[in-house]
Amino acid sequence: MTIAKIEAGTLKANAEARVVSGLLLPFGEVGTTNLGKFSIAKGAITIPEDVEVLNANVQHDSESPVGRFLSAVETDSGIVASFSVGKNPEGDTLLAEIADGSRSKLSAEVKNIVLRAGVAVSGVLFGAAFVTEGAFPSAALMAADVGGEPVTTEEKFSDEYTDADGKTFLRQGTRKTVIDGDKTTITEVIELTEPKPDDAPENEETDVSATVPSTLQAGAPKPAEKIDANSLFAAVIAAKDSTDPSLLAALADIKYDSAGAPGLTVAQPAFVGELWAGRGFQRKVIPLLSSGTLTGLKFTGWRWNVKPEVGVWTGNKSELPTNTPTVTPYTGTAQRFAGAWDIAREYTDFNTPENAEFIASLTRAMVDSYAIKSDAYALAQILSSATTAVLGTGVPATVNPGIAKLVRGSLRVIAADATPSFALVAPDVYEQILWTPEQAGLKFLSQAMGLEEGQIESFKVVPHTGLAAGQALVGAKEAATALELGTTPIRVSAVDLAKGGYDEAVHGYIGVKIDLPGALQLVTNNA
């Protein structure tokens, strides 16, 4: 497993709330990490679904955890994160070091990282560290400079060398390689030695006299030995182990995957199964609303137009105050979603692990598709029913614009006799909120809404790409109700006898009942 330790942005801390936030991982900048120099592309790093299980330590010491993640969100600038610091002496020390500037940097811990052409294209975030130094060029620094001593390697080699006059020498050499950062230096020292003459030179005269055989048969050549397969393979192995260049040159090459090579036919590609395509979809909108059971395609109800109202009564047998209550009918129709596929029966007849994996993945994708479409439908319904108004004037200059929109929206929900419980915000607004110094925004929001202590914990701020830039939708959970069947989506299977297959289909129904439109407030930028 390849693990990268990547130092990042300047820390901001609230000692009272023990919350630390900052830019954890910037995009598009080249930095020096423990794996070398590279940049990180947006979308390359996977953020776990539940980041609150991730720990943060000091200086990448896994045995010194001092906090845990509260949030980690991908923005255009990079991954922005916030942390809860432990209520212990180690946590106190960390907050003090952040306050005096001696430990003011963040460092991401990323596993399974893949680098291509100097760019990280994939990896999984699994932790963070509070560090002292960074080495990225941006204002929000990232990536500690790993530096280090030069790396030196040395190797020796020897062979025969023949000069232009045909004279052969024994050539011996030493090659020294020094790698110092981006600089590589190679130094070679070569020594030529003339070999000693043999005891019996090749051109020395020899006795060529011989005895003539008495018969022709005596001089017949010896029959060639038969070579079986074992002998052949033994010769190949001996040739492989031998240093004799002439023997190695006499062997024919059997290549693997070049043109015409046997490997192209006999080697089978490795099956790796389904490629990871991102985490499964998790609904963002529907969990923020009230829920109910859908019992029919159409649903009806009513809401008060004029409520009963009491008045001051003078007594003494005078007439009692009264008014005329009225109601307004409400009707709605559930939205239908469906999809069907005719699948060849070979996928089930040949019950291989590969086919089973494909069918299981197909089913998950069907369910995910319904979850995506139904959540988007719910967002469209509450947006169309919300009251839209600009932020307005009177916002203190020291208040973050994102926090200001939450406050204005919350006050408008409170004016509709409801308690705000959530805010769906555009990504740029969410980034503004995360950059609020020392988390003062949540304290300001709590005071502005007049909530009791602890109630702010249940107020959820959720980023959503379905909102236009600068928008924040603040609402109460009771303002709208999502209505669905008890088991949604419904999966239907049928055999296709005529075509030799089987059909798979999913059906889903969702209705969104708007109970109190005034408790849905969409705040936009000032014109």
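Taking the conditions exactly as written (part of a loop (DSSP other than H, G, I, E, B) and either not hydroxyl-bearing (Ser, Thr, Tyr) or not assigned by TED's automatic domain parsing to the domain that holds LEU467 (or both)), does GLY392 satisfy them or not?
Yes; evaluated as a whole, the condition is true for this residue.
May I ask you to verify whether LEU275 is modelled with pLDDT under 70, assigned to a loop (DSSP other than H, G, I, E, B) and either farther than 30 Å from LEU424 by Cβ or acidic (Asp, Glu) (or both)? In short, no. Cβ-Cβ below 6 Å, separation at least six or inter-chain, first residue in the stretch 481-497 and farther than 13 Å from VAL367 by Cβ, second among the basic types (Lys, Arg): which pairs? The qualifying pairs are THR481/LYS513. Among the conditions (1) farther than 20 Å from TYR430 by Cα; (2) of a type outside the set (Asp, Glu); (3) in contact (Cβ under 8 Å) with a residue 40 or more places away in the chain; (4) touching a strand residue (DSSP E or B) at 6+ places or on another chain (Cβ under 9 Å), the only one that SER77 does not satisfy is (1).
Of the residues making up the stretch 498-518, those that are over 26 Å from ARG303 (Cβ atoms), part of a loop (DSSP other than H, G, I, E, B) and touching a residue at least 24 places away in the same chain (Cβ under 8 Å) are LYS499, GLY500.
Condition check for ALA17 on (1) within 17 Å of SER84 (Cα to Cα); (2) modelled with pLDDT under 90; (3) touching a Ser or Thr at 6+ places or on another chain (Cβ under 8 Å): one failure, at (3).
Which of the residues that make up the stretch 283-308 are under 19 Å from ASP417 (Cα atoms), assigned to a loop (DSSP other than H, G, I, E, B) and modelled with pLDDT under 95?
Correct list: LYS307 only.
Each residue in the stretch 359-389 was checked for being loosely packed, with under 14 Cβ neighbours inside 10 Å and not in a helix (DSSP H, G or I), and 2 of them qualify.
Within the stretch 333-342, at least one residue is of a type outside the set (Phe, Trp, Tyr), farther than 20 Å from ILE372 by Cα and either touching a Gly at 6+ places or on another chain (Cβ under 7 Å) or not assigned by TED's automatic domain parsing to the domain that holds LEU516 (or both).
Answer yes if at least one residue in the stretch 308-328 is assigned by TED's automatic domain parsing to the domain that holds ASN525 and surrounded by 12 or more Cβ atoms within 10 Å (Cβ to Cβ), and no otherwise. Yes, the stretch 308-328 contains a residue that is assigned by TED's automatic domain parsing to the domain that holds ASN525 and surrounded by 12 or more Cβ atoms within 10 Å (Cβ to Cβ).
For every residue, the table says whether it meets (1) on the phi < 0 side of the Ramachandran plot; (2) of a type in the set (D, E, K, R); (3) at pLDDT below 85.
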{"residue": "ASP100", "(1), (2), (3)": "yes, yes, no"}
{"residue": "LYS105", "(1), (2), (3)": "yes, yes, no"}
{"residue": "LYS111", "(1), (2), (3)": "yes, yes, no"}
{"residue": "ALA117", "(1), (2), (3)": "no, no, yes"}
{"residue": "VAL131", "(1), (2), (3)": "yes, no, no"}
{"residue": "GLY134", "(1), (2), (3)": "yes, no, yes"}
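The values are calculated or read from the model by the stated rules, or taken from the named source; none is laboratory data. If you're wondering where the values come from, they're calculated on a predicted model, not measured in any experiment. Because the Cβ atoms are built from the backbone with ideal geometry, glycine has one as well, and the counts that use them run over all protein chains shown.
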